[in-house]
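The values are calculated or read from the model by the stated rules, or taken from the named source; none is laboratory data. Because the structure is predicted, anything quoted here is derived from the model rather than measured. All Cβ positions, even for glycine, are placed from backbone atoms using ideal geometry, and neighbour counts span all protein chains on display. For the accessible areas, the whole protein counts, side chains as well, though only heavy atoms, and no ligand, DNA or RNA atoms are used. Shrake-Rupley method; radii C 1.70, N 1.55, O 1.52, S 1.80 Å.
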Amino acid sequence: MKLPAPPTFSSPLHHPRVATVIGRWLGTTVVVCFLTGLYSHFLQDTPSWLPVPSRPANLYRVTQGVHVISGTVAVPLLLAKLWTVYPKLFAKPDLNLAKLIERLSILVLVSSMALELFIGFVNTLQWYPWPFPFRQTHYALAWIIVGALLVHLAVKLPLIRANWRRTPERRPESLPAETTGLTRRGLFRTVAGAATLVGITTAGQSATPLGSVAVLAPRKPNIGPQGLPVNRTAEAAGVTGIGADWRFTVVGPRQLSYSLDELRNLTQSRSALPIACVEGWSQGARWEGVRVRDLLELCGAPARSRVRVVSMEKGGFYGTSELPEEFAADPLTLLALRLNGVELALDHGFPARIIAPNRPGVLQTKWVHRLEVVA
Ligand SMILES: Nc1nc2c(c(=O)[nH]1)N[C@H]1C(S)=C(S)[C@@H](COP(=O)(O)O)O[C@H]1N2
Ligand SMILES: [Mo]
């Protein structure tokens with residue numbers, strides 16, 4: 001490959017000051033994305049020592065929206081960062097162990113970050129073109145990135161400190177800005193503008209006022225039966241509906257069994273709760289049905305019981321889920337029969353589904369026909 005002639009690289013746009021400024025933006029975005037991602041991971045895979053509260057009810061909607069927006073915004077920031085430093089990436093490495101380790105850590109950092117952002121973005125499009133389990137891979141890569149980032153920051157610390165503040169006297173004298181046609185300020189504005197645009201056009205899938213400009217959002221939050229999107233249809237899940245002999249069972253200290261009409265005749269409660277999909281879209285809705293804690297009481301179990309939720313859907317990742325004690329006891333948690341004023345559509349989980357506060361959409365199990373109190 002023929003590389004650009006070295007003098008090009010003395011452009012002020014490839015100066016460490018630019019790398020520092022864009023690095024700060026990228027670093028902040030990545031930290032926000034990492035923390036919200038950890039939260040999402042632990043909600044889905046809760047270690048026994050970790051207490052997860054069921055409130056605020058909308059927390060997950062916010063954190064996962066921020067996770068997907070920050071991950072998407074990180075793409076133009078990473079590209080900008082790579083562009084400012086690329087002359088360095090192609091420079092001949094010194095044959096010096098410390099320098100080689102530094103280069104290696106950058107290689108790990110750049111490749112793991114590119115892969116992480118790519119699979120995450122592709123996942124928001126509901127496209128899973130790889131054979132590995134997404135969430136575990138995404139999680140492992142996140143820790144690799146954190147490790148490589150810490151090495152990178154440690155190595156670059158002197159350079160970062162020297163360029164943290166704007167110091168005009170440190171600008172390379174060699175080239176006036178006009179020769180590149182773009183000033184540093186112009187570059188910063190372009191990158192910040194691109195990042196903002198990407199952020200705004202993604203945010204609409206969870207922040208409804210921005211819905212009309214959500215051109216990057218794969219799903220519009222208000223399009224779907226009953227004003228709510230559907231991630232997996234009943235047909236895709238192999239669920240065809242129910243016959244007249246359908247029964248809903250609760251397995252606990254006592255075993256309960258209800259027909260659909262009997263469920264409808266139990267005390268009905270209402271909750272206004274969002275579906276907040278891990279893929280970033282979310283939409284609030286009004287639900288009506290039987291409180292899970294009421295069902296626990298009816299079967300003689302304590303209100304704070306762990307509950308296994310079983311769907312009529314066979315196999316796959318979504319057929320069952322668990323409600324930790326905190327969520328089963330929450331009065332907002334329902335075995336929902338109605339959505340936005342009418343009976344659940346088959347695609348939304350007819351005849352019954354779980355809806356709980358502060359929970360990833362994947363755990364809001366549809367087509368539920370059994371609850372089991374976990375001893
Ligand atoms: N049984 C079952 N429940 C499920 C799913 C599924 O595929 N099967 N998808 C989950 C996902 S990923 C989301 S985001 C929500 C979406 O609910 P909705 O289709 O009613 O909007 O349902 C969840 N419940
Ligand atoms: Mo989802």
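May I ask for the percentage of alpha-carbon pairs in segment 6-213 that lie more than 26 Å from each other? Intermediate results must be reported in sequence, preceding the final value.
Working: 9386 of 21528 pairs.
Here the tail beyond 26 Å accounts for 44 percent of pairs.
With a 1.4 Å probe and every protein chain left in place, work out the accessible area per residue of the chain in Å², rounded to a whole number. Working shown, then result.
Values: 18960 Å² over 375 residues.
Ligands and nucleic acids excluded, the result is 51 Å² per residue.
How large is ³J(HN,Hα) for each residue in segment 252-261, as worked out from phi by the Karplus curve 6.51 cos²θ - 1.76 cosθ + 1.60 (θ = phi - 60°), to whole Hz, x for Gly and Pro?
With the stated coefficients, segment 252-261 comes to x, x, 10, 9, 10, 9, 10, 7, 4, 4 Hz.
Apply the Karplus curve 6.51 cos²θ - 1.76 cosθ + 1.60, θ = phi - 60°, to the phi angles in segment 299-312 and return the couplings in whole Hz, x for Gly and Pro.
Each residue's phi maps through the Karplus curve to give 8, x, 9, x, 4, 8, 10, 7, 10, 8, 9, 10, 8, 6 Hz.
Based solely on its DSSP helices, what 222 nm [θ] is calculated for the chain when runs of n ≥ 4 H residues each add -39,500 (n - 2.57) and the sum is averaged over all residues, nearest 500 deg cm²/dmol? Walk me through the intermediate numbers first.
Numbers: 9 runs with 160 residues, N = 375.
When only DSSP H runs of four or more count, the value is -14500 deg cm²/dmol.
For Lys156, go through the aspartates and glutamates and keep the ones whose alpha-carbon is under 15 Å away, minus same-chain ones fewer than eight residues off.
Qualifying aspartates and glutamates at Cα under 15 Å: Glu102.
So which helices of the chain fit the span-like rule, where a helix is a whole DSSP H run, its Cα atoms reach 30 Å or more along the axis, and its mean Kyte-Doolittle is at least -1.0? Let's see the in-between values first.
Numbers: long enough: 16-44 (40 Å, 0.91); 59-90 (43 Å, 0.92); 97-124 (40 Å, 1.48); 134-162 (40 Å, 1.14).
Span-like helices, by this rule, are 16-44, 59-90, 97-124, 134-162.
So who's got an amide H within less than 5 Å of the one on Gly349, skipping anything under 5 residues away but keeping other chains? H placed 1.01 Å off N, in plane.
Trp367
What percent do you get for the relative contact order of segment 239-375 when only Cα pairs under 8 Å and 6+ apart count?
Relative contact order here is 29 percent.
Using amide H atoms built 1.01 Å from N in the peptide plane, name the residues 5+ places from Val307, or on other chains, whose amide H lies under 5 Å from its own.
The answer is Leu323, Val374.
With θ taken as phi - 60° and the coefficients 6.51, -1.76 and 1.60, list the Karplus ³J(HN,Hα) couplings across segment 232-241 in order, rounded to whole Hz; mark glycine and proline as x.
10, 6, 4, 4, 5, 8, x, 9, 10, x
Let me check the size of segment 244-333 from its C-alpha atoms; what are the radius of gyration and Dmax in Å?
For segment 244-333, the Cα radius of gyration and maximum Cα-Cα distance read 14.1, 39 Å.
Two-decimal Rg/Rh of the chain from alpha-carbon positions, Kirkwood Rh?
Working: Rg = 25.6 Å, Rh = 23.4 Å.
Rg/Rh: 1.09.
Along the Cα→Cβ direction, 7 angstrom out, place labels at Thr183 and Val342. What is the inter-label distance in nm?
Placing both labels 7 Å along Cα→Cβ, they lie 5.9 nm apart.
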